[in-house]
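First up is the structure itself, then whatever we jot down about it.
Just so it is clear, none of the values below were taken in a lab; they were calculated from the coordinates. Predicted model only: the values in this text are computed from it and were never measured. Every residue, glycine among them, receives a Cβ derived from its backbone with ideal geometry; neighbour counts consider all protein chains shown.
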Amino acid sequence: MVAMLSLSLLLGSCSDDILEEEPRGVFTPEFFTTELGVQGGLTYLYENLRTIYGFAYFMSTSETGTDEYAPAQSANNNFFDLDFAGQGNLSSESGYVIGRPWGAAFPAINTASGIIENAEAVGLDQSLIAEARFFRAFYYFLLVQTYGGVPLDLGSGELKFNQSAVRTSVRNTVPEVYANAIIPDLVQAINDLPDNPRLTGTVTKNVARLFLAKAYLTYAWWLENPNNIPTYPEAPRTDPAGNSASYYFQQAYDMSVAGIENPGPYALLEYFYDVHEGSNDRHQEMMLYADHTEASEIYNGGSPINGFANPDDQRGGNTAAWMVTSNYTTISVDGVSAVQREAAQSLGRPWTRMAPTINVFTETFAEKQLDSRFDGTFVTSYRGNWDKGGGEEATITGANGMPIAPGDAVISFLDDYNPAVDYSVNGGNIGGGQLPGRADYVINLNEINKRFYPGLWKIGTYRTDNAGGLGSPNGSITRPFPIAKYSEFYLVAAEAAVKGASGRYSARELVNVIRARAGKWRFDNGEQQERMEDNSEAMMNATPAVIDINYILAERSREYFGEGYRWYDLVRTQKWNELAGSYEIAGDAATDHEPVVITRDIQPFNYLRPIPRTQIDALDMSDGEKGAYQNPGYQ
């Protein structure tokens, strides 16, 4: 297909410990026969991660319409189309929200194939070729989860490097993609990759182990197909090697345990808070990420100073957190713009496109005192910063006529429901109520609306160059966007155990490793103060004796909320309609605290995304062939 195979790539050279990028127009087979060429191709494969992970509308396609997020007050059809609640219509013309994985993955796959074919002939190290194998499998895994079966032949033969402008295409089946591409490439990658990264952030044996475990797990669910979800292209739910779903659940378990018992340079951090605190990025738990930097527009993928008017910058700027940040800049107290736009992890650029559902706070994060993950995920207090914007007021008058100083909470979301909140004196545009003895305005979490809600602290803006001021809050976010963490080994193994896999660790034991860490506090994000507290034993005791798949999914949401996992988790387990078929939230006005139940119409065919219309239109095929290429149910 023409669009999928156009290559406008980056050449990379390697310094002592980091990847460096410089522009290059196209890769050729001759280029891949040199070590410099292989390094350049590999650098592109890492750089290309930025075009998906951290991209605002990939955030939407992997989160909106789930039990985590719904369209917010400023949403448009890029979000309504994915919510299935009657305001939009998901189709092959839904643009940004369905096309990025398809458009970004195939050039990377073709580049990986070019490296694999040509590098070995000149005697280059197998570990470098293994990185290419990893990425070819990585992108095929993303594609097969998103669209179903996809083409393995891009024009020159199955898994061959292609240079021609091919305008025909044949989709392989899901089993063929797993059996011929994903699993073999990852198995070989594990054999040939080093235990430790050759450069900061490059892939290792354990990174490949994690993705092979996830591929085994996902393929096992596909083979089992508990809710009779259709697949496309149509194929029997049988494995070409004759293995059962149970076999692959066991393989997922075994591979995850191998990753746990052979950690290499990776480890769980002691505190969940530290996993996401901006000054601690690129730590031991982060196994794969789309990297960014405030030091360079080229290496950041977008301007770290001015950003762009739209978050759809094709170079791969990290703008995901903008989508889930409500417009806190409307908070005006005592005639003062109390909380101004700032390049800070709790603030950043507000777009108000996606809002967490009330169910997130009443069900997923129901435990907010023992479990540190609620506090380490959300912004629950918006604090005065008018002084950083030049305001000279020492204090402003807040709720109950009490003074608020810079750094104090102006508006807070309450951990626990308080029926005494009085919204009748809410201060107009704030939408918050009063409680006796508090200077900050407050909102109950079961009364949030689409206009004002807790932001997503964990992936928010972090800068080192604010110099005591508001900094550059409109610049593309300069933090690495997480793709895979060491913690997932435990939850993949636990999910496989729930599905019948066996070994030295039970599902409860595996989950409790994660829950024990979640019980440890060192800092209270909402209160912005030290909090040394260890609730690990209470957290483990609260884990059910018998764990089911819904509990695993809840733990995954608590651990990875808002990071782009959720739609894939619900689709894999075929729980999407059951767990996200309805949600609660109040309306568009800041003063609306009367939630309503919104019902989604999720059909079985929606478990696959449509292939972008622009891709199908580029095919030199008959209308009937083009129609047959598209996933059923979509126009």
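Rounded to the nearest 20 debye, what is the charge dipole size of the stretch 382-475 about its Cα centre when +1 sits on each Lys and Arg Cβ and -1 on each Asp and Glu Cβ?
Result for the stretch 382-475 is approximately 320 debye, rounded to the nearest 20.
On full extension of the chain, what length is gained from GLU530 through THR397, given 0.36 nm per residue of separation minus the C-alpha to C-alpha distance?
Result: 45.2 nm gained on full extension.
As an exercise, find the ratio Rg/Rh for the stretch 381-490 from alpha-carbon atoms, using the Kirkwood inverse-distance average for Rh.
1.05
Quote the FRET efficiency, to the nearest 0.05, computed for THR168 versus ASP415 with a Förster distance R0 of 51 Å and r equal to the Cβ-Cβ distance.
0.30
Could you work out the equivalent-ellipsoid semi-axes for the stretch 229-322, taking the square root of 5 times each eigenvalue of the Cα gyration tensor, largest first, in whole Å?
37, 25, 11
Going by the alpha-carbon gyration tensor, a ≥ b ≥ c the square roots of its eigenvalues, is the stretch 472-576 rounded (a/c under 1.5) or, if a/c is not under 1.5, prolate (a/b greater than b/c) versus oblate?
oblate
Between ARG198 and SER246, what's the calculated FRET efficiency when r is the beta-carbon distance and R0 is 35 Å? Round to 0.05.
About 0.40, to the nearest 0.05.
Taking 0.36 nm per residue of sequence separation and subtracting the Cα-Cα distance, how much length would be gained by fully extending the chain between ASP334 and ASN191, in nm to one decimal?
Gain on stretching ASP334 to ASN191: 45.0 nm.
Would you mind computing the Rg to Rh ratio of the stretch 140-182 from its alpha-carbon coordinates, Kirkwood style for Rh?
0.97
With each label point set 7 Å from Cα along the Cα-Cβ vector, what nm distance links GLU120 and THR464?
Between GLU120 and THR464, the label points sit 4.2 nm apart.
If we count other beta carbons within 10 Å of each Cβ, what is the order of LYS388, LYS214, fewest first?
LYS388, LYS214
Based on the Cα atoms of the chain, what semi-axes does the equivalent ellipsoid have, where each is the square root of 5 times one gyration tensor eigenvalue, given in whole Å with the largest first?
One finds semi-axes of 40, 27, 25 Å for the chain.
Going by how many other beta carbons lie within 10 Å of each one, how would you line up THR362, THR146, THR111, fewest first?
So the ranking, lowest neighbour count to highest, is THR362, THR146, THR111.
Work out the FRET efficiency for ALA405 and ASN550 from their Cβ-Cβ distance, taking R0 = 51 Å, and round it to the nearest 0.05.
Rounded to the nearest 0.05, the efficiency is 0.70.
Which of the three applies to the stretch 126-243, rounded, prolate or oblate, going by the alpha-carbon gyration tensor with a ≥ b ≥ c and a/c under 1.5 meaning rounded?
Judged from the Cα gyration tensor, the stretch 126-243 comes out oblate (a/c at least 1.5, b/c at or above a/b).
So for the chain, taking the charge dipole from beta-carbon charges (+1 Lys/Arg, -1 Asp/Glu), which of THR168, TYR382, THR111 sits furthest toward the positive end?
Comparing the listed Cα positions along the dipole, THR168 ranks first.
Beyond 24 Å between alpha-carbons counts as too far, so tell me which of LYS214/LYS499; LYS458/LYS499; LYS214/LYS575 fall in that bin.
LYS458/LYS499
Ratio of the stretch 218-267's C-alpha Rg to 2.2 N^0.38 Å, to two decimals?
Against the compact-globule rule of thumb, the ratio is 1.48.
Could you order peptides 128-134, 330-336 by the average number of other Cβ atoms within 10 Å of their residues, highest first?
My ranking of the peptides, most packed first, is 128-134, 330-336.
Classify the stretch 66-198 as rounded, prolate or oblate from the Cα gyration tensor: take a ≥ b ≥ c as the square roots of its eigenvalues, call it rounded if a/c is under 1.5, otherwise prolate when a/b beats b/c and oblate if not.
prolate
When ranked by the protection proxy of mean other Cβ atoms within 10 Å per residue, highest first, what sequence do the peptides 94-101, 478-485 form?
Put in order of decreasing packing, that is 478-485, 94-101.
Please get the size of the charge dipole for the stretch 146-199, origin at its Cα centre, with Cβ charges of +1 on Lys and Arg and -1 on Asp and Glu, quoted in debye to the nearest 20.
In total the dipole reaches around 240 debye.
Starting from 0.36 nm per residue, how many nanometres of slack lie between SER91 and ASP153 once their C-alpha separation is accounted for?
Full-extension gain reported as 19.8 nm.
Hey, how much of the P(r) for the stretch 510-635 falls beyond 27 Å, as a percent of Cα pairs?
50
Lys/Arg Cβ at +1, Asp/Glu Cβ at -1, dipole of the chain taken about the Cα centre: which of THR329, ASN541, ILE229 is farthest positive-ward?
Of the listed residues, the answer is ILE229.
Could you sort the peptides 515-525, 580-590, 262-272 by per-residue average Cβ neighbour count (10 Å cutoff), highest mean leading?
My ranking of the peptides, most packed first, is 515-525, 580-590, 262-272.
State to the nearest 20 debye the size of the charge dipole of the stretch 190-236 about its Cα centre, where the only charges are +1 on K and R beta carbons and -1 on D and E beta carbons.
240
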